[in-house]
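Have a look at the structure below, then the notes.
The numbers here are math on the coordinates, done by the rules we state, and not lab data. Here the structure is a predicted model, which is why all the values come from computation and not from measurement. Neighbour counts run over all protein chains shown; Cβ positions are idealised from the backbone, glycine included.
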Amino acid sequence: MYLAAVLDWYSRCVVSWSLDQTLAVSFVLEAVDVALEQGLPVIWNSDQGSQFTSPRYIQRLEDKNIQISMDGRGRALDNVFTERLWRSVKYEEVYLENYESPRIARQGISSYFDFYNFERPHQALDYRIPADVYFEDQNQL
């Protein structure tokens, strides 16, 4: 299974996510489209995987006048907030569960992201939860 997530760096809130059994670009575009319905960032950061360099992905962001930022090759720390999210998902959910099917994996990850956004305090946010910071910021715009 492959997981794509759109993370608001400021609040650490997972704005959208998608899970698929292939690395086809369509599941990434699904997460992008859901995130863009929530708001339009000034800058969009990703790694340099083929999904994120595909013309369909690039065009989605360019059509919204969003600046595209990509991590340097082999530089995981360029995207440290997302890498930290992946660590949390793996160690707090995926490695603890033995998913019997893609459907069960989707349910488990969905529950985890609800917990992550709405219940799990973050030290970097002064022990606030990401959704509070994200929606507070949205209300001030």
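Under a 5 Å amide H cut-off, with hydrogens placed 1.01 Å from N, N45 pairs with S69 among residues at least 5 apart or on other chains.
What's the FRET efficiency of V34 with A124 using the Cβ-Cβ distance as r and R₀ = 30 Å, to the nearest 0.05?
On the way: r = 24 Å, r/R0 = 0.82.
That pair, V34 with A124, gives E of 0.75.
Of (1) 50, 30, 25; (2) 41, 31, 30; (3) 38, 38, 29, which is the value of Cα extents along the principal axes in Å derived from the coordinates here? Only one option fits the structure, namely (3). Stretching the chain fully between I43 and L23 yields a gain of 4.8 nm (0.36 nm per residue, less the alpha carbon separation). For the pair R87 and R56, label points projected 7 Å from Cα toward Cβ lie 3.3 nm apart.
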